[in-house]
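The values are calculated or read from the model by the stated rules, or taken from the named source; none is laboratory data. Remember, it's a predicted structure, so these values are computed and weren't measured experimentally. Quick reminder, even Gly has a Cβ in these numbers, built from the backbone with ideal geometry, and neighbours come from all protein chains shown. For the accessible areas, the whole protein counts, side chains as well, though only heavy atoms, and no ligand, DNA or RNA atoms are used. Shrake-Rupley method; radii C 1.70, N 1.55, O 1.52, S 1.80 Å.
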Amino acid sequence: ELGIFRAQGANPSESVSYLTYADTSDNIIYQEEVFSYTEEDSVDFSQDYHVYTLEWTNDCVQYSVDGIEVSAPITRSSFLPASWVFDREMYLVLDFAVGGSGNGGIPSGVISPFPPFKEFIIDYVKVYQ
């Protein structure tokens, strides 16, 4: 799984990109990259549109937020050769997940019970081959 963006209700100034895959022993590996602007330029990701990008080739995965690279490129050579699964076809999924206990859970009032429903607005999705 290639996760372009995960918001963290407990910390709206952070954006998380992640990889989930099985290694050569079928252990599930989860690797995340946390992005936030500098303290002076800090933003609440829930308050405005942002551009989340995944550049994905057979040999490299690179995430960026608003044109700023989240981390160093993740490459085939940085994995055990048999663990690299990102050269296969995958599905594009737009997921809105609420809840869980990661990062201390969701603070009271950040997402209120349904209804009323907080908005999950996607302006566009572009896919290039």
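Please give, to one decimal in nm, the separation of the simple spin-label points placed at Thr38 and Thr20, each 7 Å out from Cα toward the Cβ.
3.5 nm
Grab the other residues whose beta carbon is less than 15 angstrom from that of Glu55, score K and R as +1, D and E as -1, and report the net.
-3
Quick one: go through the stretch 42-85 and flag any residue whose amide nitrogen is under 14 Å from the point 7 Å out along the Cα-to-Cβ line of Ile29.
Residues 60-61, 74-85 qualify, since their backbone N sits under 14 Å from the label point.
Can you work out the FRET efficiency for the pair Thr57 and Phe120, with r the C-beta to C-beta distance and R0 = 30 Å, to the nearest 0.05?
0.55
Rolling a 1.4 angstrom probe over the protein heavy atoms, how many square angstrom per residue are accessible across the stretch 1-63? Before the final figure, lay out the partial values.
Numbers: 3820 Å² over 63 residues.
Accessible area per residue: 61 Å².
Using label points projected 7 Å from each Cα along Cα→Cβ, tell me how many nm separate Glu89 and Ser13, to one decimal.
4.4 nm
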